[in-house]
């Protein structure tokens with residue numbers, strides 16, 4: 001899929017469907033991230049969208065750099081973060097090696113043609129012992145397993161990949177990241193990653 005087509009989709013369709021004001025969930029996800037950060041530092045928010053998580057990171061005292069493929073959405077989010085860059089998450093990142101304490105990617109991997117390229121770049125710009133924190137939908141969630149029994153399975157045209165816990169473990173291992181925490185973000189199956197709806201993953205370089 002050509003990069004200009006992807007950019008056009010996010011500028012003309014995807015971000016036209018998302019509300020300008022937060023529904024509160026980005027702030028909830030930001031709080032989950034902040035629980036795993038002991039010290040204030042430099043955070044790279046890849047696929048920052050409208051910047052609601054970035055705003056929370058800044059409030060907590062972190063220096064926040066945001067990137068997104070959409071020029072349209074960056075006009076909004078640049079007000080909420082310290083630096084903003086128009087960037088495809090799979091491109092070579094314009095940052096020095098070992099320059100970020102934390103990299104955050106909320107619901108990003110499933111939208112990328114080649115998630116491994118993003119992970120490779122993330123590894124380069126993350127400091128030694130730095131944290132990569134990712135949120136990704138789990139296609140093998142309990143509800144979907146039941147739906148298969150009735151010949152139904154959710155379809156999302158925006159997802160180029162549908163991931164499970166095993167897929168994530170393989171991607172991270174291949175990129176030399178060590179997963180130290182994997183749970184659901186919320187719900188009944190939060191403590192059972194393979195069944196939860198949305199995975200919250202913390203990995204160390």
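What follows draws every value from the coordinates through simple rules; no lab data is involved. It should be emphasised that the depicted structure is a prediction, and the values quoted were computed from it without experimental measurement. Note that we place each Cβ from the backbone using ideal geometry, even for glycine, and neighbour counts take in every protein chain shown.
Taking 0.36 nm per residue of sequence separation and removing the Cα-Cα distance, the residue 164/residue 63 pair yields an extension gain of 33.2 nm.
Fewest-first ordering of 168, 180 by other beta carbons within 10 Å of each residue's beta carbon gives 180, 168. Per residue, the average separation of C-alpha pairs within less than 8 Å and at least 6 apart gives the chain a relative contact order of 17 percent. Ranked for footprinting exposure by Cβ neighbours inside 10 Å, fewest first, 155, 118, 189, 52 give 155, 189, 52, 118.
In this simple spin-label approximation, residue 157 and residue 129 carry label points 7 Å from Cα along the Cα→Cβ vector, and these lie 4.8 nm apart. Between the beta carbons of residue 178 and residue 114, assuming R0 = 22 Å, the FRET efficiency works out to 0.55 to the nearest 0.05. Rounded to the nearest 500, the helix-only mean residue ellipticity at 222 nm of the chain stands at -9000 deg cm²/dmol, with each DSSP H run of n ≥ 4 adding -39,500 (n - 2.57). Taking a point 7 Å out from the Cα of residue 22 in the direction of its Cβ, the residues of the stretch 31-74 whose backbone N falls within less than 12 Å of it are 31-34, 50-60. With the cut-off at under 16 Å, measuring from each backbone N in the stretch 161-205 to a point 7 Å along the Cα-to-Cβ line of residue 39 picks out 205.
Among the listed values [x] 18.5; [y] 17.3; [z] 19.4, the one matching Kirkwood radius over Cα pairs in Å as calculated from this structure is [y]. Of all DSSP beta bridges confined to the chain, the antiparallel ones make up roughly 40%. Overall form of the stretch 27-99: oblate. Here a/c, set by the Cα gyration tensor axes a ≥ b ≥ c, is 1.5 or more, and a/b is not larger than b/c. Here residue 190 and residue 12 are evaluated by their C-beta separation; at R0 = 41 Å the FRET efficiency comes out at 0.70. The residues 167, 111, when put in order of fewest to most other Cβ atoms within 10 Å, stand as 167, 111.
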